[in-house]
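What follows is a short report on a single structure.
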Amino acid sequence: MSPIDQHLINLPVDTIRRSWERCATRGLRADERLPDDPNARVRLSDRLEANARLVAYAQPIMEHLHQQIARSSSTILLADDSGVILRSVGDSDFLERAARVALKPGHCWSEHVMGTNAIGTALTEQRPVAVIGEEHFLDRNKFLTCIAAPIHAPTGGVLGILDISCSARLTQVHALALLQTTTEIIENRLIETLDDASVVLRFHHQPEALASPLEGLAVFNESGGMLACNRRAERLLGLPDTRHSQSAFNDIFETRWNVLLDHALRSSFRPTKLRCNRGREFAATVLVSNLRRVRPAGAVRDPRVLPRPRPRLTLEDMDLGDKAVGTAIRRARRILGLDIPLLIQGETGTGKEVFAQAFHNSGPRRDGPFVAINCAAIPGNLIEAELFGYTAGAYTGARGEGARGKLREAHGGTLFLDEIGDMPLKLQAVLLRVLETRRVTPLGGGPEEEIDLSLVCASHRSLKALCEVGEFRSDLYFRLSAMSLALPPLRERSDLEGMARRILQEESPDRPIRLATSTLDLIRRHPWPGNIRQLKNALRLGVAMLGDDEETLGPDHLPQDLLDGDDTVHPVPAAKSLRAAEVRLVEDTVQRHNGNISAAARELGITRTTLYRKLRQTSDD
């Protein structure tokens with residue numbers, strides 16, 4: 001048990017006493033009546049916008065937490081750093097009672113407004129707080145049992161408060177443990193998605209603790225400067241509050257920064273060993289997420305604000321001179337704004353989703369939503385709920401308020417179904433009906449709803465070949481393939497040099513970088529089995545490895561695999577089918593991980609269920 005857990009269980013009385021003294025000093029009275037608050041709705045709208053990033057990451061985790069304590073007459077609340085409640089998830093019977101004392105979104109529960117209470121007192125004390133029954137300062141709140149904990153911002157300070165409230169005594173140890181774990185999950189998500197985070201490092205002295213709540217998490221810019229880390233990382237490394245320091249990777253670990261980056265580009269899913277300068281050894285995984293030039297010194301980003309969107313990429317922007325790509329662009333332009341589905345086929349990493357986004361941005365629906373779903377990344381029994389939505393209680397584990405579903409979310413815009421070849425046959429029939437009627441019925445019943453959207457599908461597998469072996473419905477294939485395009489693999493494109501220069505411009509917009517002649521020769525010779533995705537990763541590393549006074553990217557800046565000419569996944573000869581390429585990729589990946597299905601599925605970017613299905617198909621062949 002951690003020191004903070006032990007401290008919580010002791011429920012210090014001094015915290016409540018100090019809070020009551022503050023309330024008395026402010027002139028609050030225990031019998032104060034609840035005042036009208038006509039500005040609550042406007043206040044909520046403003047605060048939701050200001051805290052969009054916090055809400056986006058906290059909401060699904062709050063819903064998961066509620067499932068752990070459901071049917072306990074309780075609610076889970078998220079408040080901002082001023083005590084205004086932003087979101088609530090809970091049991092309907094308690095939500096109604098809580099609303100009578102304004103314990104609901106839009107209302108402020110700071111200490112100076114509501115007296116001693118878990119949200120306001122946790123904000124003031126900047127630590128977890130439990131306020132039970134009579135400990136509340138205001139008489140009207142004494143039926144509540146509340147436990148709250150701060151959510152810390154990646155760069156320091158308190159970003160918000162997570163609270164569990166109910167009308168009966170919770171099992172405090174259980175509730176406090178759940179609350180602490182949940183706040184740490186939210187904090188980790190905020191850390192690993194920082195705008196300037198280029199490298200995400202996860203580590204623990206026990207390899208079995210990786211990918212668990214026990215792991216340390218730290219993020220770095222491409223120069224190796226630490227941007228933030230979680231509290232478990234601080235304890236593992238024995239460092240004081242590193243969120244306020246200027247620590248660098250090379251100051252903390254004996255392993256050099258360039259060695260870590262090279263490992264990340266070659267095998268990011270394989271754990272490596274790191275030794276810190278204090279002599280302790282860790283198992284670690286490292287992910288290169290966004291190698292870009294850092295902001296000017298001193299420019300700090302508010303972690304509550306969503307990143308600024310990039311300029312919209314259009315079909316015209318994608319035309320860099322390759323004949324096959326140019327033909328695909330011209331054909332796609334002819335159906336912009338028409339009720340004709342677009343089917344994009346090509347190897348993994350050839351840019352099918354980017355093409356779909358550019359198609360959306362080039363048409364009359366550009367101001368509508370672009371909603372993407374990967375059919376291979378979602379278990380078969382959940383795809384239907386993701387697409388069509390569901391009503392409250394439609395199935396075990398469903399959200400209490402239901403969900404709209406991707407089809408309805410895409411109304412007025414574009415729905416992109418990636419890897420549609422992995423969609424279960426039963427669901428294919430339902431999708432075909434929706435495309436014919438343009439109406440959707442959510443799971444669990446309810447009225448049909450009309451939808452208006454443009455449909456784009458993609459697959460690295462030949463849908464026609466899947467139809468021949470009975471794995472894809474022919475009638476759906478004919479409905480989707482009226483306009484079918486094929487994106488060529490990178491090794492066959494004539495605009496490879498232009499592609500590389502564009503990627504460099506995107507990775508280093510404020511610093512022109514030239515490609516050495518020898519680097520261009522290496523890029524032209526390489527087979528690029530990972531296509532554009534692999535090229536981007538290689539050039540991201542190259543940009544990160546450049547010195548501050550260097551302007552030319554040479555071969556020595558690129559991953560070692562490119563220099564050795566060694567690729568574990570070799571391109572399949574053109575005479576072989578996409579099906580054969582997929583079979584080989586699946587078998588090689590599983591063999592490379594010594595039969596570890598979980599590890600192989602992570603590398604392939606699919607679920608274990610999908611991987612098992614592909615292995616069965618391979619054995620049947």
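The values are calculated or read from the model by the stated rules, or taken from the named source; none is laboratory data. These figures come from a predicted structure and were not determined experimentally. Quick reminder, even Gly has a Cβ in these numbers, built from the backbone with ideal geometry, and neighbours come from all protein chains shown. Remember, those area values only see protein heavy atoms, side chains included, never the ligands or the DNA or RNA. Shrake-Rupley method; radii C 1.70, N 1.55, O 1.52, S 1.80 Å.
Quick one: in the stretch 21-37, of everything that is assigned to a loop (DSSP other than H, G, I, E, B) and modelled with pLDDT of 90 or more, which residue is surrounded by the most Cβ atoms within 10 Å (Cβ to Cβ)? By that ranking, first place goes to Leu28. Per the listing Leu336, Leu342, the residue uniquely closer than 25 Å to Leu432 by Cβ, without any contact (Cβ under 8 Å) to a residue 40 or more places away in the chain and open to solvent by less than 60 Å² (accessible area, probe 1.4 Å) is Leu336.
Residues in the stretch 538-552 that are free of Cβ contacts under 8 Å to residues at least 40 places away in the same chain and in a helix (DSSP H, G or I) were compared, and the one that is farthest from Leu490 (Cα to Cα) is Gly542. Summed over the stretch 505-537, the residues that are within 25 Å of Phe355 (Cα to Cα), in a loop (DSSP other than H, G, I, E, B), open to solvent by 40 Å² or more (accessible area, probe 1.4 Å) and in contact (Cβ under 8 Å) with a residue 60 or more places away in the chain give a count of 1. Once the stretch 538-554 is narrowed to residues that are of a type outside the set (A, V, I, L, M) and surrounded by 20 or more Cβ atoms within 10 Å (Cβ to Cβ), the residue that is farthest from Glu353 (Cα to Cα) is Gly542. Among the criteria (1) in contact (Cβ under 8 Å) with a residue 40 or more places away in the chain; (2) among the polar types (S, T, N, Q); (3) closer than 20 Å to His460 by Cβ, the one Thr327 does not fulfil is (1). Selection of the stretch 118-135 for residues being modelled with pLDDT of 95 or more and outside any helix (DSSP H, G or I) yields an empty set.
Taking Asn361 as the residue in question, decide whether it is modelled with pLDDT of 75 or more, out of contact with any Pro (no Cβ under 6 Å at 6 or more places or on another chain) and exposed (fewer than 15 other Cβ atoms within 10 Å of the Cβ). Considered against the rule, which asks whether it is modelled with pLDDT of 75 or more, out of contact with any Pro (no Cβ under 6 Å at 6 or more places or on another chain) and exposed (fewer than 15 other Cβ atoms within 10 Å of the Cβ), Asn361 comes out as no. Taken over the stretch 80-101, the residue count meeting the criterion of being open to solvent by less than 30 Å² (accessible area, probe 1.4 Å) and in contact with a helix residue (DSSP H, G or I) (Cβ under 8 Å, 6 or more places away or on another chain) is 8.
Taken over the stretch 47-76, the criterion of being out of contact with any strand residue (DSSP E or B) (no Cβ under 8 Å at 6 or more places or on another chain) and either open to solvent by less than 40 Å² (accessible area, probe 1.4 Å) or closer than 24 Å to Ala175 by Cβ (or both) is satisfied by Ala52, Arg53, Tyr57, Pro60, Ile61, His64, Gln67, Gln68, Ala70, Arg71.
Of everything listed in (1) at pLDDT 85 or above; (2) of a type outside the set (Val, Ile, Thr); (3) surrounded by fewer than 17 Cβ atoms within 10 Å (Cβ to Cβ), the single unmet condition for Leu237 is (3). Which of the residues belonging to the stretch 309-333 are assigned to a helix (DSSP H, G or I), open to solvent by 100 Å² or more (accessible area, probe 1.4 Å) and within 14 Å of His360 (Cβ to Cβ)? Scanning the stretch 309-333 gives Glu316, Arg333. For the stretch 137-157, filtered to residues that are part of a loop (DSSP other than H, G, I, E, B) and closer than 18 Å to Thr183 by Cα, the residue that is most open to solvent (accessible area, probe 1.4 Å) is Thr155. When Leu201, Leu162 are checked against the criterion of being in contact (Cβ under 8 Å) with a residue 40 or more places away in the chain, surrounded by 20 or more Cβ atoms within 10 Å (Cβ to Cβ) and either in a loop (DSSP other than H, G, I, E, B) or touching a helix residue (DSSP H, G or I) at 6+ places or on another chain (Cβ under 7 Å) (or both), Leu162 stands alone in meeting it. Of the residues that make up the stretch 56-74, is at least one of a type outside the set (D, E, K, R), part of a strand (DSSP E or B) and touching a residue at least 12 places away in the same chain (Cβ under 8 Å)? Yes - at least one qualifying residue is present in the stretch 56-74. One residue stands out among those in the stretch 451-504 that are free of Cβ contacts under 8 Å to residues at least 24 places away in the same chain and within 19 Å of Ala429 (Cα to Cα): the one that is surrounded by the most Cβ atoms within 10 Å (Cβ to Cβ), which is Tyr477. Consider Glu134 carefully, then state whether it is within 17 Å of Leu28 (Cβ to Cβ), open to solvent by less than 40 Å² (accessible area, probe 1.4 Å) and among the acidic types (Asp, Glu). Against the criterion (within 17 Å of Leu28 (Cβ to Cβ), open to solvent by less than 40 Å² (accessible area, probe 1.4 Å) and among the acidic types (Asp, Glu)), Glu134 does not qualify.
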